[in-house]
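What follows is calculated from the coordinates using simple rules that are stated; it is not laboratory data. No experiment lies behind these values; they were computed from the predicted model shown. Here the Cβ positions follow ideal geometry from the backbone for every residue, glycine too, while neighbour counts run over all protein chains shown.
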Amino acid sequence: MYTGTTAKIKRFYELSTITDQINEYAQRVRAGQIECNLPPCSRCKQGSDSFKRHEARQRIFYTLIEQIITKIFGLLVRWRCPICGKIFTGYPGFILPYKRYVLPTIMEYSSQYTENEQSTYRNILQKNPAGYQKSEQQLDHSTIHRWITSLGSLTQIIRKAQDLILQAKPESTICRDLAALSIPSKKYRKKQRARVLLGVRQLFSIEGLYGLIFKASIFPNLATACSFG
Ligand SMILES: [Zn+2]
């Protein structure tokens with residue numbers, strides 16, 4: 001957990017870089033420098049190395065700048081399978097499919113819930129409120145709940161990352177480390193939710209180790225290869 005000044009500095013640092021990342025990615029999209037990292041076509045199994053760039057599409061990303069929910073315009077590349085014509089979107093590491101908020105924001109709020117035994121949705125939002133400009137509306141706890149549901153469902157990514165870690169480092173304690181993770185019973189009523197919360201903790205744990213071993217995040221390449229499943 002981060003507290004006080006450190007948290008503010010860390011957050012400011014992360015959020016100023018996310019804006020840079022979105023802008024830099026958009027520049028690379030405009031310059032035609034984005035390579036297709038997609039898995040084979042889900043309809044006809046054609047390899048993605050033959051996919052053609054279909055369009056650059058503008059997208060609005062939501063991030064927090066000093067606790068204000070801020071919209072930033074970015075660009076994503078859409079690719080077309082030359083055989084069947086199906087269109088696919090390529091995602092950079094700072095965004096998940098169908099999510100408006102950037103991944104660092106999603107991960108930060110989600111980890112505050114899953115990685116701290118005492119935290120509740122209410123006290124997370126009391127400590128880190130987030131509001132819209134010129135509006136009374138605030139980030140709602142149901143949004144964090146949904147983020148956790150999404151992260152906790154990335155089970156294929158977790159399995160694949162675990163396989164890769166064990167191939168690279170057979171002596172790794174990753175299996176034991178993941179098995180040792182638990183969720184306090186006050187955080188869930190149904191077993192299904194406990195599994196989701198555990199999935200999020202596994203994802204955070206494995207993302208850290210994967211980064212140490214492969215010097216890269218599981219987002220976007222491994223996640224894309226697993227179709228964000
Ligand atoms: Zn196809």
Largest fluctuation, VAL102, VAL29, VAL200 only, Gaussian network model of the chain with Cα springs under 10 angstrom, belongs to VAL29
Compute the semi-axes of the equivalent ellipsoid of the range 82-121, taking the square root of 5 times each eigenvalue of the Cα gyration tensor, and list them largest first in whole Å. 34, 9, 7
Could you run the Karplus curve 6.51 cos²θ - 1.76 cosθ + 1.60 with θ = phi - 60° over the range 123-136 and give me ³J(HN,Hα) per residue in whole Hz, x for Gly and Pro? 6, 5, 6, 5, 6, 10, x, 9, x, 8, 5, 6, 7, 7
Pick from ILE165, ILE148, ILE218 the residue whose mean-square fluctuation is largest in a GNM of the chain, springs joining Cα atoms under 10 Å. ILE165
Shape category assigned to the range 67-190 from the gyration tensor of Cα positions, a/c cut at 1.5: oblate
Only sites in a loop by DSSP and with at most 14 other Cβ atoms within 10 Å count here; which GluC sites (Glu not before Pro) in the range 93-180 make the cut? GLU115, GLU117, GLU136, GLU171
From the square roots a ≥ b ≥ c of the eigenvalues of the alpha-carbon gyration tensor of the chain, which class results: rounded (a/c under 1.5), prolate (a/b over b/c), or oblate? oblate
Cys with no candidate disulfide partner in the chain (beta-carbon separation under 4.7 Å rule): CYS36, CYS175, CYS226
Of the residues THR105, THR155, THR173, which exhibits the maximal mean-square fluctuation in a Gaussian network model of the chain defined by a 10 Å Cα contact cut-off? THR173
Treating cross-link reach as a plain straight distance, find the lysines whose alpha-carbon is under 28 Å from the alpha-carbon of LYS169, omitting any fewer than eight places away in the same chain. LYS160, LYS215
Taking Cα pairs under 8 Å and at least six residues apart, what relative contact order does the chain come out at, in percent? 18
